[in-house]
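Please read the structure below before turning to the comments.
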Amino acid sequence: KIVLILLIFGFVRSPFESSLRKELQEARMLLPTPGHSAMAQMGQSALMGMLGGLRTLVATGYLLDSYRHFDNEDWDENRKSLLLATYLEPTEESHWVDLVWHRGINAAAWLETRAQLPEIEKRILFHEYTRDAIELGEAGLQNLPESVEIRKQMAEVFKEKIKDPCRTAQMYGDMAGLDGEPMFASRF
């Protein structure tokens, strides 16, 4: 009963808090929360100019750091490190695939099986992680519109975690005619 009361209270106060946050930001009393596109807004040319030829090396460092966070099951830090590697090398398809995989499959599976959290919190985080994985995959497709691998990973999230056969079929359908299309795509 307590969890249900807290959930209802959270839903009731959410619109009020959102409205208050917006008013405070408009009055410049509160800084806007940076979205996960904050680094993207910085622009690739700024990153290239700052790092020059070291961009790939720095991206590799962040990629290795993401594996440390994966081992520690620190999903938010894993996402941050992978996102930085991806922003440094936005045309590296494997970075986008890793983002979708770790967020939508690994983090979601961890919540389902090992997280020591109340059930409602698990559900909320599960929804957040899977939604984030799909949004990251969509951003990857904006950078690499012909990517079969990103679509395959997104289809896996839709199929295994979100359990949405229509979106899964859409992902496989979007692979039709692309270079590297898997033979099973049209069947799925």
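The values are calculated or read from the model by the stated rules, or taken from the named source; none is laboratory data. Nothing here was measured: the structure is a model prediction, and the numbers come from that model. Here Cβ is always computed from backbone atoms with ideal geometry, including for glycine, and neighbour counts include all displayed protein chains. Please note that ligands, DNA and RNA were not included when accessible areas were found on the heavy atoms of the full protein model with its side chains. Shrake-Rupley method; radii C 1.70, N 1.55, O 1.52, S 1.80 Å.
Computed quantities for the displayed model
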{"quantity": "Test: residue in the range 81-92 that is closer than 25 Å to M175 by Cα, among the β-branched types (V, I, T) and open to solvent by 30 Å² or more (accessible area, probe 1.4 Å)", "calculated": "yes"}
{"quantity": "R187 being part of a helix (DSSP H, G or I) and either in contact with a Pro (Cβ under 8 Å, 6 or more places away or on another chain) or of a type outside the set (D, E) (or both)", "calculated": "no"}
{"quantity": "Any hit, the range 151-165, residues being on the phi > 0 side of the Ramachandran plot and at pLDDT 95 or above", "calculated": "yes"}
{"quantity": "Residue that is farther than 23 Å from D132 by Cα, modelled with pLDDT of 75 or more and either surrounded by fewer than 17 Cβ atoms within 10 Å (Cβ to Cβ) or of a type in the set (S, T, Y) (or both), where the choices are L57, L51", "calculated": "L57"}
